[in-house]
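Undergrad: Once you've had a glance at the structure underneath, I'll fire off some questions.
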Amino acid sequence: MANQILRIDLSNRSYRVEEIPDRIINQYIGGRGLGAYLLYNSVPPRIDPLGEKNHLIFTAGPSNGTNLSYSSKTVINTKSPLTGIYLYAMSSGTIGHQMRKAGLWAIDVAGIADSPTYLEINNQKVEFKDATPLWGMESGEAQRVMLGGLSARKAATMAIGPAGERLLRYAAIMVDGPVYRAFGRGGSGCVMGSKKLKGIVIYGDGKIEVGDRDGFEKIRKDILSRVKENEQWATLWRRYGTRMSVDTLNKLGLLPTRNWQGGTFEGAERLSFPSHEKEWTWQNKPCGPFCPTPCSLYMEVEKGPYQGAHCDGPEYETIYAFGPSCGVDKLDAIIAANQICDENGIDTMSAGSSIGFAMECFEKGLIGTTDTDGIELRFGDDKAMIAMLKKIVSQEGFGLLLSEGVRRASQEIKGSESFAIQAKGLELGGYECRGANGQALQFAINNRGGCHHGYGVVARVEIHDGTRLQLEGKGEQVKNMAIGQMIADSIPCCVFGRQVFGSVDKNVSSLFGEAWAFDDLKEAGMRIICRERLFNMREGITREDDTLPGRLLNEPKPDGPTKGEVVPLEKLKDDYYRALGWDLSTGNPDNSLLDKLGINK
């Protein structure tokens, strides 16, 4: 199949299919890289993220549509309404597979519909359908209705919930119906809501022919063999998934607690899944097809005040945000919070972090019950947490301010800026980084803001190789991890399968049917980093914006193995910019590097 992009304009209900030149695929691979290129060339500088000139660009990659293990990932690119800069987000599920079967590497949605609309994409034919009856529906139910008589095995769906319709700034796009996969971070659901687009159904009946079938089959079998050889690792992933991280991170002092006042939580064991073997039952599910180590777990609360609450999860980052960050050690409350977020379509990480931030403001006397609609927002109070989450979802009272995200809330609550835990407007992922210098650097320089995934979770490497407190070489370490992440997200493949994924250059070569050296992939990864940064440069981002909250820079860590540490950020940034060959004064790539990478600004 040719490399094609489907361009949809909601304003005039039109669409067209265009070719993507081979050289662009060769430069950016697909997925995240392709999305960064398309977004830069589609969205003008300084536009309103909620205006008609913003685009939602969904991208697939060379692995999608095949039966390669760990290939069920899709990428979205847009300008974030939460941060005002570049945003990519990834979701598990079947969207990317259906896109490629429809002959598409990308779907670009622009404009604003006159009335609530959803799209049905059959191969490369688009129908604009009335979503007025769906407006107000929770996301899973809306997808069921959109699917209609189509087989869920042959079509992928996505939809926003009520939060996206209300333009909540960290609204998510939920995927594949009530299993609630998500384009979670940064507010892509808010952008979709601004376009009056409730959702998309997509299906294709084409067949993907990989470039080197024999080589591909060998690689696919080799991955499955490595899974069997790493049976202990595979069993742990199937049984616990990311949730097994809670105990380990707590012992290392990396578990952000009470809005990052520290890195150890006395209730960590009560949130550790291995400790719940006798108390809880959960059902293992894959987050998409072709995963030999499915780590998604369905859980339902069987008793107590949250009886009946359920979710597919919760993942580690959700546990961190609604658990230790809010001082809550009740797993049933976290499951209830997860369900509320899923059904209404919001990012669990930003929601939980916003509540944890508000709890610290309350306990410090910066806000009171007259501000919080009578809710005593104290750390550890799960009922107060759930009550405020419901206000965030409905954007009522104090919940309206928290629905704007931590950065905007801190601008309204005087004296709170130093402990507003965000970078470039995005709330940080769950790795306390005072004493994890690579992770701290990653949070500060990440192109989408305070993201733990975007450049790889450096903390998980530096705690094992003993380099967490080193300064020298951190720039190179983060650069190399970032390049690896760009490649993985552009293929795309699940980060948790990389341990058994094998030689990435051989995998990519088999998919395309032409030789890709590892140096070619590294250069593509570097090109993607620069392309993302170029988008942000147009929005005014410089070295000054690559920063962290004052708490992490100035308040010595009070607990854990790295007690007394702060983040030596300026030295780390210098090391990083040098490693990339970027200008030290601006923190941005210069023209000579861009020319070397073949980037036409």
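We did not get these values from a lab; they are worked out from the coordinates using the rules stated. The model shown is predicted, which means the values in this text are computed figures rather than measured ones. Positions of Cβ are backbone-derived with ideal geometry, glycine not excepted, and every protein chain shown enters the neighbour counts.
Undergrad: Which of Gln470, Asn588, Gly435 sits farthest toward the positive end of the charge dipole of region 427-596, with +1 on the Cβ of Lys and Arg and -1 on the Cβ of Asp and Glu?
TA: Gly435
Undergrad: Continuing with the same structure: I'd like the distance between the alpha-carbon centres of region 287-301 and region 443-522, rounded to an integer number of Å.
TA: 24 Å
Undergrad: Could you tell me which label, among [x] 42, 28, 25; [y] 49, 32, 23; [z] 33, 28, 25, carries the value of semi-axes √(5λ) of the Cα gyration tensor in Å calculated for this structure?
TA: Of the listed options [x] 42, 28, 25; [y] 49, 32, 23; [z] 33, 28, 25, [z] comes from this structure.
Undergrad: Shifting gears a bit: When only DSSP loop residues count, what GluC sites (Glu not before Pro) in region 90-147 have their Cβ near at most 13 other Cβ atoms within 10 Å?
TA: none
Undergrad: Just the number: Rg to Rh for region 19-62, Cα atoms, Kirkwood Rh, two decimals.
TA: 1.03
Undergrad: Right, something else. Can you sort Val457, Val406 from fewest to most other Cβ atoms within 10 Å of each residue's own Cβ?
TA: With the sparsest Cβ surroundings first, the list reads Val457, Val406.
Undergrad: Oh, and also: Mind running the shape call on region 53-158? Use the C-alpha gyration tensor, a ≥ b ≥ c as the square roots of the eigenvalues: rounded below 1.5 for a/c, prolate if a/b tops b/c, oblate otherwise.
TA: Verdict is oblate for region 53-158.
Undergrad: Ok, one more. If a/c stays under 1.5 just call it rounded; otherwise compare a/b with b/c (prolate if a/b is bigger, oblate if not). Do that for region 465-520, with a ≥ b ≥ c from the square roots of the Cα gyration tensor eigenvalues.
TA: prolate
Undergrad: Using the Cβ atoms and a cut-off under 12 Å, what net charge is assigned to the surroundings of Lys303, where Lys and Arg are +1 and Asp and Glu are -1?
TA: -4
Undergrad: Based on alpha-carbon centroids, what's the gap between region 541-601 and region 66-123 in Å, whole number please?
TA: Between the Cα centres of region 541-601 and region 66-123 lies a distance of 31 Å.
Undergrad: Among 546-552, 144-150, 485-491, how do they line up by average Cβ neighbours within 10 Å per residue, starting with the highest?
TA: Packing order, densest peptide first, comes out as 485-491, 546-552, 144-150.
Undergrad: Restricting to Cα pairs below 8 Å that are 6+ residues apart, what does the relative contact order work out to for the chain? Please round to a whole percent.
TA: Relative contact order for the chain comes out at 15 percent.
Undergrad: Taking Cα centroids, how far is region 319-394 from region 197-273 in Å?
TA: Between the Cα centres of region 319-394 and region 197-273 lies a distance of 26 Å.
Undergrad: With θ set to phi - 60° and the Karplus curve 6.51 cos²θ - 1.76 cosθ + 1.60, what are the ³J(HN,Hα) couplings of region 262-270 in order, to the nearest whole Hz, using x for Gly and Pro?
TA: After applying 6.51 cos²θ - 1.76 cosθ + 1.60, I find x, x, 10, 10, 5, x, 4, 4, 6 Hz.
Undergrad: Something else about it: Taking the number of other C-beta atoms within 10 Å as the exposure measure, put His464, His276 in order starting with the fewest.
TA: In increasing order of surrounding Cβ atoms, one gets His464, His276.
Undergrad: Among Thr94, Ile76, Gln27, flag the residue with its Cα farthest along the positive direction of the charge dipole of region 4-203, charges on Cβ as +1 for Lys/Arg and -1 for Asp/Glu.
TA: Gln27
Undergrad: Right, here's the next one. Taking the Cβ of Ile528 as the center, what net charge do the other residues with Cβ under 14 Å away carry, scoring Lys and Arg +1 and Asp and Glu -1?
TA: Value of the local net charge: +3.
Undergrad: Got a sec to turn the phi values of region 298-306 into Karplus ³J(HN,Hα) couplings, 6.51 cos²θ - 1.76 cosθ + 1.60 with θ = phi - 60°, whole Hz, x for Gly and Pro?
TA: 8, 10, 9, 7, 9, 7, x, x, 10
Undergrad: Please report the antiparallel percentage of the DSSP beta bridges confined to region 4-203, to the nearest 5.
TA: Given both bridge residues lie in region 4-203, the antiparallel proportion sits at roughly 75 percent.
Undergrad: Moving on. In whole Hz, with x marking every Gly and Pro, tabulate ³J(HN,Hα) for region 565-577 from phi via Karplus 6.51 cos²θ - 1.76 cosθ + 1.60, θ = phi - 60°.
TA: Using θ = phi - 60°, the values come out as 7, 10, 8, x, 5, 5, 5, 5, 5, 4, 5, 5, 4 Hz.
Undergrad: Lys and Arg at +1, Asp and Glu at -1: add these up for the other residues within a Cβ distance under 10 Å of Gly61 and post the number.
TA: +2
Undergrad: Also: In terms of the Cα gyration tensor, with a ≥ b ≥ c the square roots of its eigenvalues, is region 4-203 rounded because a/c is under 1.5, prolate because a/b exceeds b/c, or oblate?
TA: Rounded, since a/c falls under 1.5.
Undergrad: Among Tyr298, Ser509, Asn338, whose Cα projects farthest towards the positive end of the dipole of the chain, with charges put on the beta-carbon of Lys, Arg (+1) and Asp, Glu (-1)?
TA: With unit charges placed on the Cβ atoms, the residue in question is Ser509.
Undergrad: Taking only DSSP H segments of four or more residues, each worth -39500 (n - 2.57), what value at 222 nm results for the chain once the sum is divided by all its residues, to the nearest 500 deg cm²/dmol?
TA: Taking each H run of at least 4 residues, the total per residue is -11000 deg cm²/dmol.
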